[in-house]
Amino acid sequence: MAASRITRDVFGTLPDGRKVERVVLRGEGGFEARIISHGAVLQALIAPDAKGGYDDVVLGHDAFAGYLAERKFFGATVGRYANRIAKGQFPLHGETVQLPVNNGPNALHGGLDGFDRKLWEIAEIEEGAEPAVVLTYISPHGEENYPGKLDVRVTYRVTGPAELSLVMEARTDRTTIVNLTNHSFFNLEGATSGTSILDHKLTVAADHFLAIDATAIPLPEPPRAVAGTPFDFRRARPVGERIRESDQQLRNGRGYDHTYCLARDGKLALAARLEAPRSGRIMELFTDQPGLQVYSGNYLDGTISGKGGRLIRQSDAMCLEPHIWPDAPNRPDFPSPRLDPGEVYRHQTVYRFSVRSP
């Protein structure tokens with residue numbers, strides 16, 4: 001009998017006594033994805049390097065207490081609305097919906113108590129060649145002032161020797177807005193390597209990005225061309241190559257914290273490629289979403305410790321977050337986040353790992 005590719009155990013306990021479970025999905029060799037039910041978090045992702053070794057490539061915590069102590073979105077499922085909504089307001093059916101603001105004047109990543117802070121239910125576990133775990137959460141009407149009861153389903157599945165697929169689905173009982181993402185912080189040298197991601201080579205399949213104001217809300221203008229700017233990653237180059245240039249957009253984001261506009265039309269396609277110079281790890285990100293938030297870890301300030309007890313500092317990792325564009329509920333010219341009863345919101349992202357050839 002083949003050995004199981006899935007294990008399930010208790011990762012921690014909430015203050016009210018509820019258990020937080022962990023499910024480990026295994027691919028080939030030492031490839032593993034470890035998911036915890038609090039926040040539907042990708043707690044660890046163990047990927048191969050060019051020398052045949054394996055290491056965890058996402059930031060986070062070794063014990064559950066770290067996730068409770070600080071809300072940093074490490075590996076979390078973010079919703080109901082990933083990224084920002086200006087002034088926490090948007091129009092719906094001729095009325096203005098007011099959300100809690102939690103990021104300066106704006107609403108960010110689902111508000112004060114978003115999906116990243118919820119205990120999800122492990123609804124299904126699938127054994128076999130492509131092991132998977134399905135987590136569900138029902139967000140009641142009015143939670144964080146969002147309209148509609150939202151039934152959310154997130155599936156993590158190992159779909160190749162070193163490949164993790166993530167599918168997010170949602171249904172509503174009344175018209176609402178939805179924009180989900182996974183908020184993993186990647187360092188392909190290893191989560192405890194002590195190295196920066198500034199020398200990682202990044203490629204982004206986008207000709208345009210969204211310029212932002214000082215509060216990270218997209219400016220009232222069409223997407224800007226990346227050509228001739230520090231935001232041009234159409235060919236691979238180090239993340240840090242131009243990050244310290246005197247550019248107003250880099251000032252506004254304190255580095256890269258911008259949405260790249262992907263030509264998708266709802267079809268899964270390559271959005272980004274990240275390569276680490278020493279380990280030789282390569283991650284390709286495929287998504288069907290219209291935007292990719294590229295965030296260079298600008299607000300990581302050394303005030304908390306992560307795996308291995310290491311302090312987490314600026315540019316220790318970067319996020320590549322596929323989603324609908326920020327502030328889209330207020331921008332008819334942006335892809336729409338509206339979800340009506342009878343419709344299904346669906347988001348697929350694939351993380352495919354390989355190594356640099358000798």
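Work through the residues other than Glu241 whose Cβ is under 14 Å from its Cβ and net out their charges, Lys, Arg +1 and Asp, Glu -1. Write out the running numbers ahead of the final one.
Details: positive: Lys201, Arg234, Arg235, Arg237, Arg242, Arg244; negative: Asp199, Asp232, Glu245, Asp247, Glu275.
Around Glu241, the charge tally is +1.
If you plug each phi of segment 92-109 into the Karplus form 6.51 cos²θ - 1.76 cosθ + 1.60 with θ = phi - 60°, what whole-Hz ³J(HN,Hα) values come out, in order, with x for Gly and Pro?
Karplus-based 3J(HN,Hα) across segment 92-109 equals 8, 6, x, 10, 9, 8, 10, 9, x, 9, 9, 9, x, x, 10, 8, 9, 6 Hz.
So which residue, out of Gly111, Gly53, Gly88, gets the largest mean-square fluctuation from a GNM of the chain using Cα contacts under 10 Å as springs?
Gly53
Between segment 158-174 and segment 65-120, what is the separation of their alpha carbon centroids in Å?
For segment 158-174 versus segment 65-120, the Cα centre distance is 21 Å.
Based on the alpha-carbon gyration tensor of segment 1-63 and its eigenvalue square roots a ≥ b ≥ c, which shape applies: rounded if a/c is under 1.5, prolate if not and a/b is larger than b/c, or oblate? Intermediate results must be reported in sequence, preceding the final value.
Details: a/c = 3.47, a/b = 1.60, b/c = 2.17.
Oblate is the answer for segment 1-63, as a/c is 1.5 or above yet b/c matches or exceeds a/b.
Taking the chain as a Gaussian network, where each spring joins two C-alpha atoms under 10 Å apart, which residue of Glu163, Glu70, Glu95 fluctuates the most?
Maximum among the listed residues: Glu95.
Taking the mean number of other Cβ atoms within 10 Å as a proxy for protection, how do you rank 223-232, 54-63, 208-217 from highest to lowest? Numbers along the way, then the final one.
Details: 223-232: 15.9, 54-63: 20.9, 208-217: 18.6.
Top to bottom by mean Cβ count within 10 Å: 54-63, 208-217, 223-232.
Please report Asp327, Asp49 as a ranked list, fewest other C-beta atoms within 10 angstrom at the top and most at the bottom.
Numbers: Asp327 24, Asp49 20.
Going from sparsest to densest Cβ surroundings: Asp49, Asp327.
Taking a ≥ b ≥ c as the square roots of the Cα gyration tensor eigenvalues, with a/c under 1.5 meaning rounded and otherwise prolate when a/b beats b/c, else oblate, which class fits segment 199-285? Before the final figure, lay out each step's value.
Working: a/c = 2.19, a/b = 1.23, b/c = 1.78.
Cα axes put segment 199-285 in the oblate bin.
Using Cα-Cα distances under 8 Å and only pairs 6 or more residues apart, what relative contact order does segment 72-127 have, in percent?
Details: 67 pairs, mean separation 21.0, N = 56.
Result for segment 72-127 is 38 percent.
Among the trypsin sites (Lys or Arg not before Pro) within segment 40-96, which fall in a DSSP loop and have no more than 12 other Cβ atoms within 10 Å of their own Cβ? Please report the intermediate quantities before stating the final value.
Numbers: sites: Lys51, Arg71, Lys72, Arg80, Arg84, Lys87; in loops: Lys51, Arg71, Lys72, Arg80.
Loop-located and lightly packed - Lys51.
How many angstrom lie between the C-alpha centres of segment 195-256 and segment 265-334?
For segment 195-256 versus segment 265-334, the Cα centre distance is 12 Å.
Cut-off 10 angstrom, C-alpha nodes, Gaussian network model of the chain. Which of Phe115, Phe334, Phe31 fluctuates the most?
Highest fluctuation among the options: Phe334.
So what's the net charge close to Gly160: Lys and Arg +1, Asp and Glu -1, counting the other residues with Cβ under 9 Å from its Cβ?
On the way: positive: Arg352; negative: Glu28, Glu130, Glu163.
Local net charge: -2.
How large is the helix-only mean residue ellipticity at 222 nm for the chain, computed as the sum of -39500 (n - 2.57) over DSSP H runs with n ≥ 4, divided by its residue count, in deg cm²/dmol to the nearest 500?
On the way: 2 runs with 12 residues, N = 358.
The helix-only estimate for the chain comes to -1000 deg cm²/dmol at 222 nm.
Laboratory data are not the source of any read-out in this text; all were calculated from the coordinates shown. As the structure is a computational prediction, the values presented were derived from the model and not from experiment. All Cβ positions, even for glycine, are placed from backbone atoms using ideal geometry, and neighbour counts span all protein chains on display.
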